[in-house]
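The values are calculated or read from the model by the stated rules, or taken from the named source; none is laboratory data. On a predicted model such as this, the values are computed, not experimentally measured, just so you know. Because the Cβ atoms are built from the backbone with ideal geometry, glycine has one as well, and the counts that use them run over all protein chains shown. Just the protein is used for accessible areas: all its heavy atoms, side chains included, with ligands, DNA and RNA removed. Shrake-Rupley method; radii C 1.70, N 1.55, O 1.52, S 1.80 Å.
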Amino acid sequence: MASTEADFLDAIDRDFSSRADFISYINSEVDLGKLDNKLSLIGSVSDHDRATFIDRLSNHFKLVNQSDDLLLLWASDERIPYYVHLEDNEFPIFFTAANKTDEIPDTLVEYLKKDRAMSRMWVGKREMERLRQQMVDEHRDLIIPQFTAKRSIHTDIPAKKRPEYDRTMRYWADDGLETYRHMKSRYGVLPTNIQFEVPGNFKFQITQDGVFTAIDGGVDNIASLIDQSTKRLRFVKQIINTSDYDENGTGFLEDVSLPYSKPWAIQLDDRPAKDDIRHFEGNVEASNLEFSVVHFDSYLDSRGFDAELMDKNNYGKTAVRTKEDAIRVYPREDTGIDQSFRIYNFVDDHIEADPEAVEVV
C-alpha cells in the first residue's frame, strides 16, 4: 500500500483498463489545484523490453507500488513522486507534480540521460509548430495567452523584416494566437514555449524540452498531443534501430579487428542547401540539443558535409555524413537512442521540415 504522500493522484490502488482510462480519471476526479505544483506529463522513448525497463528504473527510483501498467516511483532520497504508465512499452509517459526548474531535471531528466536505451520525447521548434496547428484546427475558441518564439539567422523560414538577425520573442496577452501568426510571417520565428487555453475548459503549456504542464486542466489534450508525436516518432525509432555498432568488427588484416558502424539515414528532398552547410556548426552550437561539433568538413560544390558530433552529457561521439540527398548517421560505442533522436530533430528544425528516416541497405 502506497503512502498518501507518495500517491499524489490517489490512483495506484484503482483499476484502469487503459491509459485513456487513467487520463479520464485524472481529468474528472483529481483536484489538480491541491497538488504541490502543476501536474506535468513527460513523454519518453524506450529501447528496453518491459521487464528490463522496470528493472533499470530501480537504479534511479524506488518502486513504491505497481498495478498493471501503472508504476508509482520515488525519485532517489528526495521522495519526489512519479507515476509512469506502460501501456505503450516503447513510449512510457511519466506523470509528476515535481518542480520543473530543479526537481524534474535532477531526477527524471538525469535518469533519461544516463540510460543509453532511453530518450526524452524532444519537441523541436517545427514539431511545436505542428502541434500548434493541430490545436488551432481542433479548438475554435483557442487562445494563446503566452508564447516564446525564436529565429536563427541561418534558418530557411522566410521573414519579411530584417531576416539577418537572431531573434527571441516573449509575449503575454490574450491575442497571442494572432500575434504569433503575425510574428511568424513578419519575422520568421517558430515557437519554443507555448500556452494553449480555451477559457472555462483548459489551459496548459508545452516547452521545447518535452514537458507538458496542465496549468488548469487539459490533461486529455496533452495526452492527445503526446500521442500525435508518438505516431510520428514510432517509425523513426524503428529506422534508428536498424543501425548498429560493433567494437570487434572484422578487419582486412588477419587477426585484426576494427570497429564497424552500420548507419541509418535521414532522407531529404534534395541535397542540403549551401547555406545549411555553411551554418551547420553554428546551428548545432546554438540549439538546445546538447551537442558540440568536434570535426566538420564541408563540400559546397557537391553540397555535402562530413561531421562528428559529441554529446555534452556523456562525451560520446556520432558521425554524420551526407550521401547525395540523404544524411547518414553512424553510431559509435556511446551512441544511444537519445542522440539519434536529437540528430533527427536537428535536421527537422534546421535543414528540412519533417524529413523521412530510412534504413541503409
*Taking the Cα centre of the chain as the origin and placing charges on Cβ (Lys, Arg +1; Asp, Glu -1), which of VAL236, HIS60, LEU71 is farthest toward the positive end of the dipole?*
VAL236
*Based on the mean of other beta carbon atoms within 10 Å per residue, what is the order of 314-327, 167-180, 334-347, 273-286, most packed first?*
334-347, 314-327, 273-286, 167-180
*Once you have the Cα-Cα distance between ASP68 and THR148, take 0.36 nm times their residue separation minus that, and quote the gain in nm to one decimal.*
24.9 nm
_With a 10 Å cut-off between alpha carbons and a GNM built on the chain, which of ASP244, ASP270, ASP349 moves the most?_
ASP270
*On the first, second and third principal axes, largest extent first, how far apart are the outermost C-alpha atoms of the chain in Å?*
62, 59, 31
*asked:* For GLU90, what accessible surface area do you get with a 1.4 Å probe? Give it in Å², rounded to 10.
replied: 60 Å²
_Most positive-pole-ward Cα, THR155, PHE8, PRO92, against dipole of the chain from beta carbon charges_ = THR155
*Which value does Rg/Rh take for the range 87-159 over its C-alpha atoms, Rh per Kirkwood?*
1.04
*Among MET135, TYR165, LEU190, whose Cα sits farthest toward the positive end of the charge dipole of the range 125-208 (+1 at Cβ of Lys/Arg, -1 at Cβ of Asp/Glu, about the Cα centre)?*
TYR165
*Taking the Cα centre of the chain as origin, work out the dipole magnitude from +1 charges on Lys and Arg Cβ and -1 charges on Asp and Glu Cβ, in debye rounded to 20.*
1300 debye
*Could you list the square roots of 5 times each eigenvalue of the Cα gyration tensor of the range 125-208, that is, the equivalent ellipsoid semi-axes, sorted largest first and rounded to whole Å?*
23, 12, 11
*Taking a label point 7 Å from the Cα of HIS139 along the Cα→Cβ vector, which residues of the range 213-244 have an amide N closer than 12 Å to it?*
213-225
_Inter-centroid distance (Cα atoms) of the range 316-361 relative to the range 1-71, Å_ = 32 Å
*For HIS60, HIS350, HIS182, give the ranking by accessible area with the largest first, probe 1.4 Å.*
HIS182, HIS60, HIS350
*Using Cα pairs under 8 angstrom and six or more residues apart, how large is the relative contact order of the chain, in percent?*
15 percent
*Under 27 Å from LYS113, Cα to Cα: lysines that are on another chain or at least 8 residues apart*: LYS38, LYS62, LYS100, LYS125, LYS150, LYS231, LYS237, LYS262, LYS312, LYS317
*Pair TYR260, LYS274: separation of 7 Å Cα→Cβ label points (nm)*: 4.0 nm
*Give me the percent of the accessible area of the range 1-160 that comes from carbon and sulfur atoms, probe 1.4 Å, all protein chains in place.*
40 percent
*At 1.4 Å probe size, with every protein chain present, just tell me what the per residue accessible area of the chain comes to in Å².*
47 Å²
*Can you send over the carbon and sulfur percentage of the accessible area for the range 261-359, probe radius 1.4 Å, protein chains only?*
38 percent
*Accessible surface, 1.4 Å probe, highest first, among residues ARG181, ARG50*: ARG181, ARG50
